[in-house]
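Q: Structure in structure tokens, see below.
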Amino acid sequence: MTSIVLEQAVATADEMRRADAAAIAAGTPGEALMDRAGRAAASAIAAFTGPDHVLVLCGPGNNGGDGYVIARELAERGWPVTVGQLAPPSSREAVAAAAACPAPVEPLASVQPAPVLVDALFGTGMKRKLKPQVAGRLADLMGAANARIAIDLPSGVGTDDGALLGASLPFDMTIALAALKPAHLLYPAAGLCGRIVTADIGIPVETRCWRITKPRLSAPTFADHKYTRGFALVVEGAMPGAAMLAARGAQAAGAGYVVVAGTGAAPGGPDSVIQRQTDELELEQLLEDGRIGAVVVGPGLGRDREASVRLDAALSGPGCPLVLDADALVLLGASAIPVARRLHGRAAVLTPHEGEFVRLFGAQTGSRVDRARKAAATAQAVVVLKGPDTIVAAPDGRAAISGSPSFWLSTAGTGDVLSGVIAAMLARGLEPFEAACAGVWLHGEAARLAGPLINADALVPALNRTLADTACSN
Ligand SMILES: NC(=O)C1=CN([C@@H]2O[C@H](COP(=O)(O)OP(=O)(O)OC[C@H]3O[C@@H](n4cnc5c(N)ncnc54)[C@H](OP(=O)(O)O)[C@@H]3O)[C@@H](O)[C@H]2O)[C@@H](O)CC1
Ligand SMILES: [K+]
């Protein structure tokens, strides 16, 4: 069995409000939810720091309410606790939590620092930029602490888009309540979260977005041969090296048979990658091979007339899934015909980086998740919007965000390798959204394994080892 594990839900502020309201409507009072959140957070803090003097900063809303519960819980464990209050509690639940908190309360402006700083100023209700004096005070108190912990989110970030709204310093740990939020994974906010722990507060959260986690990919069995393992074809163009990187990526990600359909140049590459020189007609004939499980077009394709002809051949060939990257995306963006019409119902994964994305879909508003979703609906294809926080979006609204990226991937050729890895996942039979998620995970994990990457070639051997680590036997 092969499966993609989508268990780490990522919920927007609105989705969290709906989950909260549904739990309350189903009979769990808001005070009980806040109590669960605060208790779970207090346990995570205790496990992280051990007993110490704690300063809990509380804002006016329910994030502040969680802070009062945390202060109460830690005080009841005998820890010295002080509350630094930005403004009095305003919601019914927060008023009740503050009333039950035995810790001394002092104004945020004059409270003394402590070794453990707990930030419960703002969570998902953050709507506008922090006032500079609040942002400055938070930064000063964080600077004076040895352990900095954010409740639900670092105060001063946009929950849904990961923008900075006054936050500036990194936390050591962020305790996500009930579910992850986009800001835990989207940059720049993700860079401030530190270690992320999700506290279960016992409520279901309805979402169509997940964090990309390790896939389970079945290991070959006695019944497998090179075609059942997956036949990936890479259409080469003006720059054969890029196509060869895609081919090597497909091979290292487990494809059983990898062919580069070349144009005449000799790209080198391993003997096990089959290189076929093809003119226009020969390429069309080759693409008719029904055993092909996925075709990659774009890495090193070029943007001239011949490149357009080769892209057309791939698009008009029989129905196996396509991976469209690099120059293929530029050519599609330059065409007057919309991408969805060019694909004509064909399963496809488009893998643009930010620049290619804008050329193809225009400058859209919204978070990277929103933009990728809109693009996937427009193209009627899976879109992989590459970046430090790569997004995978499907036309049906599913989305996934990569977690813990390797910034060493920001070098030439790593995108070519990714297109080959996704092709290997398609060729082994995964549907496009799952293939893209699995490919993004394998690629990111291989980069972490490779450490400081010198170049994209170094990814290939690491991919082999990463693939072996995902293998399951059923
Ligand atoms: N959902 C769940 O399941 C559960 C959620 N829980 C917790 O609730 C949190 C969400 O609580 P929340 O909705 O009350 O929002 P929160 O972040 O406290 O801020 C709202 C307050 O801040 C104010 N305000 C906003 N921006 C501001 C600014 N820049 N500068 C100054 N003020 C600003 C805003 O004022 P207003 O804009 O209305 O005038 C309002 O007073 C969530 O993150 C989690 O911790 C758990 O307890 C249990 C289960
Ligand atoms: K917070």
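The values are calculated or read from the model by the stated rules, or taken from the named source; none is laboratory data. Only a predicted model underlies this, so the values are computations on that prediction, with no experimental measurement involved. Ideal geometry is used to build each Cβ from the backbone, glycine not excepted, and the neighbour counts take in all protein chains shown.
Q: In segment 300-419, which helices (runs of 4 or more DSSP H) lie fully inside it and hold 2 or more residues that are of a type in the set (Lys, Arg)?
A: Filter on segment 300-419 gives 305-316, 339-343, 368-379.
Q: Give the residue that is nearest to ligand 1 (Cβ to nearest atom), with candidates limited to residues of segment 45-60 that are touching a residue at least 40 places away in the same chain (Cβ under 8 Å) and surrounded by fewer than 18 Cβ atoms within 10 Å (Cβ to Cβ).
A: 48
Q: Taking the options 23, 94, name whichever one is within 11 Å of ligand 1 (Cβ to nearest atom), of a type in the set (A, V, I, L, M) and more than 16 Å from residue 200 (Cβ to Cβ).
A: None of the other options fit; the residue is 94.
Q: Here's a follow-up. What are the residues in segment 66-91 that are within 8 Å of ligand 1 (Cβ to nearest atom) and charged (D, E, K, R), if any?
A: 66
Q: Within segment 159-175, can you find the residues that are in a loop (DSSP other than H, G, I, E, B) and either under 27 Å from residue 49 (Cα atoms) or in contact with a strand residue (DSSP E or B) (Cβ under 8 Å, 6 or more places away or on another chain) (or both)?
A: Residues satisfying the conditions are 159, 162, 163, 165, 166, 167, 168, 169, 170, 171, 172.
Q: Let me ask something additional. Given the conditions (1) modelled with pLDDT of 95 or more; (2) within 12 Å of ligand 1 (Cβ to nearest atom); (3) more than 21 Å from residue 172 (Cα to Cα); (4) not β-branched (Val, Ile, Thr), which single one is not true for residue 63?
A: Unmet condition: (3).
Q: Picking from 246, 238, which residue would you name as being touching a Gly at 6+ places or on another chain (Cβ under 9 Å), part of a loop (DSSP other than H, G, I, E, B) and closer than 16 Å to residue 301 by Cα?
A: Of 246, 238, the one residue that is touching a Gly at 6+ places or on another chain (Cβ under 9 Å), part of a loop (DSSP other than H, G, I, E, B) and closer than 16 Å to residue 301 by Cα is 238.
Q: Now, a different point. In segment 2-19, which residue that is farther than 19 Å from residue 402 by Cβ and at pLDDT 95 or above is surrounded by the fewest Cβ atoms within 10 Å (Cβ to Cβ)?
A: 14
Q: Could you grab me the full set of residues in segment 447-468 that are part of a helix (DSSP H, G or I) and touching a residue at least 40 places away in the same chain (Cβ under 8 Å)?
A: 447, 448, 450, 456, 457, 459, 460, 461, 463, 464, 467 - these are the residues of segment 447-468 that are part of a helix (DSSP H, G or I) and touching a residue at least 40 places away in the same chain (Cβ under 8 Å).
Q: Still on this structure, please answer the following. So, residue 148, is that one surrounded by 20 or more Cβ atoms within 10 Å (Cβ to Cβ), basic (Lys, Arg), at pLDDT 95 or above and part of a helix (DSSP H, G or I) or not?
A: Taking the combined requirement at face value, the residue does not satisfy it.
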